[in-house]
Amino acid sequence: MRSLPDQEAEVSRSVLDMSMSLDGYIADPDDFLGGEDGERLHKWASQASETTKAFEEEWKAAGAVVSGRRTAELMDHWGGSHGGLPIFVPSHRPPGPAARWGYPLVTYVNDGIESAMRQAKAAAGDRDVQVRGAYTGQRAIEAGVLDEVQLHVVPVLLGRGRRLFDVLSAETELETIRVIDTPEATHLRYRISTTAG
């Protein structure tokens with residue numbers, strides 16, 4: 001599943017990977033960990049299927065993670081590593097005590113999303129960089145440092161919560177590179193073509 005037929009060579013790609021409702025929501029209105037809507041949106045990932053197994057292998061094959069601060073803090077920085085992967089958090093504020101002293105694989109980057117992505121890609125080598133968090137994904141798109149978007153669209157209309165693409169400053173063209181339809185979710189992967197300035 002990692003190799004896509006139209007890609008000629010393996011290079012590190014930055015991929016925003018998020019589950020969302022059909023109406024574009026990714027979390028509860030209060031965005032608290034373990035909320036009912038969050039559980040509903042990620043239920044597909046707990047299904048024992050070949051599709052889920054393939055996505056798990058893809059995530060495990062990544063080389064680094066760039067995460068928004070809010071997402072990283074809600075997840076307690078995944079206990080200090082995202083499945084053993086280094087985590088880069090773009091933030092203008094210093095990290096809290098746990099991230100500062102207890103999590104050696106967590107790096108707070110205070111000079112912007114471009115720097116965070118550059119450091120993550122250097123750490124990842126030829127493996128993908130997984131991007132977590134709506135705000136960080138949007139900033140990466142605007143900065144031109146996000147390569148792909150992978151969405152797991154769950155067949156539910158939540159009608160409330162936090163949206164994935166609430167505020168983008170420009171139109172962005174996407175190229176569809178993969179569609180996998182299952183009863184639990186439709187999995188869409190896009191390559192970012194151009195961002196209108």
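The set of residues in segment 117-142 being assigned to a helix (DSSP H, G or I) and among the β-branched types (Val, Ile, Thr) consists of Thr136, Ile141. Inspect all residues belonging to segment 85-96 and state whether any of them is charged (D, E, K, R) and assigned to a loop (DSSP other than H, G, I, E, B). For segment 85-96, residues charged (D, E, K, R) and assigned to a loop (DSSP other than H, G, I, E, B): present.
Which condition number in (1) surrounded by fewer than 18 Cβ atoms within 10 Å (Cβ to Cβ); (2) closer than 26 Å to Pro155 by Cα; (3) among the aromatic types (Phe, Trp, Tyr) is the one that Phe55 fails? The one condition Phe55 does not meet is (1). Just one residue in the set Val167, Val156 is of a type in the set (Val, Ile, Thr), surrounded by 14 or more Cβ atoms within 10 Å (Cβ to Cβ) and not in a strand (DSSP E or B); that residue is Val156.
Quick one: in segment 92-109, which of the residues that are within 16 Å of Leu74 (Cβ to Cβ) and not hydroxyl-bearing (Ser, Thr, Tyr) is surrounded by the fewest Cβ atoms within 10 Å (Cβ to Cβ)? Restricting to residues being within 16 Å of Leu74 (Cβ to Cβ) and not hydroxyl-bearing (Ser, Thr, Tyr), the top hit is Arg93. Tally the residues that are surrounded by 14 or more Cβ atoms within 10 Å (Cβ to Cβ) and among the aliphatic types (A, V, I, L, M), restricting the search to segment 170-197. Final tally of qualifying residues: 6. For Val15, state whether it is modelled with pLDDT of 60 or more, assigned to a loop (DSSP other than H, G, I, E, B), under 19 Å from the mean Cα position of the chain (by Cα) and aliphatic (A, V, I, L, M). The answer is no for Val15. Residues in segment 170-185 that are in a strand (DSSP E or B) and either touching a Pro at 6+ places or on another chain (Cβ under 8 Å) or acidic (Asp, Glu) (or both): Glu173, Glu175, Asp181.
Checked against (1) under 21 Å from Leu22 (Cβ atoms); (2) assigned to a loop (DSSP other than H, G, I, E, B); (3) touching an Asp or Glu at 6+ places or on another chain (Cβ under 6 Å), Val145 passes all but condition (1). The residues of segment 36-83 that are assigned to a helix (DSSP H, G or I), out of contact with any Pro (no Cβ under 8 Å at 6 or more places or on another chain) and small (Gly, Ala, Ser), listed by number, are Gly38, Ala45, Ser46, Ala54, Ala72, Gly79.
For segment 133-141, state whether one or more residues are more than 29 Å from Ser46 (Cα to Cα) and surrounded by fewer than 20 Cβ atoms within 10 Å (Cβ to Cβ). Within segment 133-141, none of the residues are more than 29 Å from Ser46 (Cα to Cα) and surrounded by fewer than 20 Cβ atoms within 10 Å (Cβ to Cβ).
The values are calculated or read from the model by the stated rules, or taken from the named source; none is laboratory data. This is a predicted model, so every value here is computed, not measured. Because the Cβ atoms are built from the backbone with ideal geometry, glycine has one as well, and the counts that use them run over all protein chains shown.
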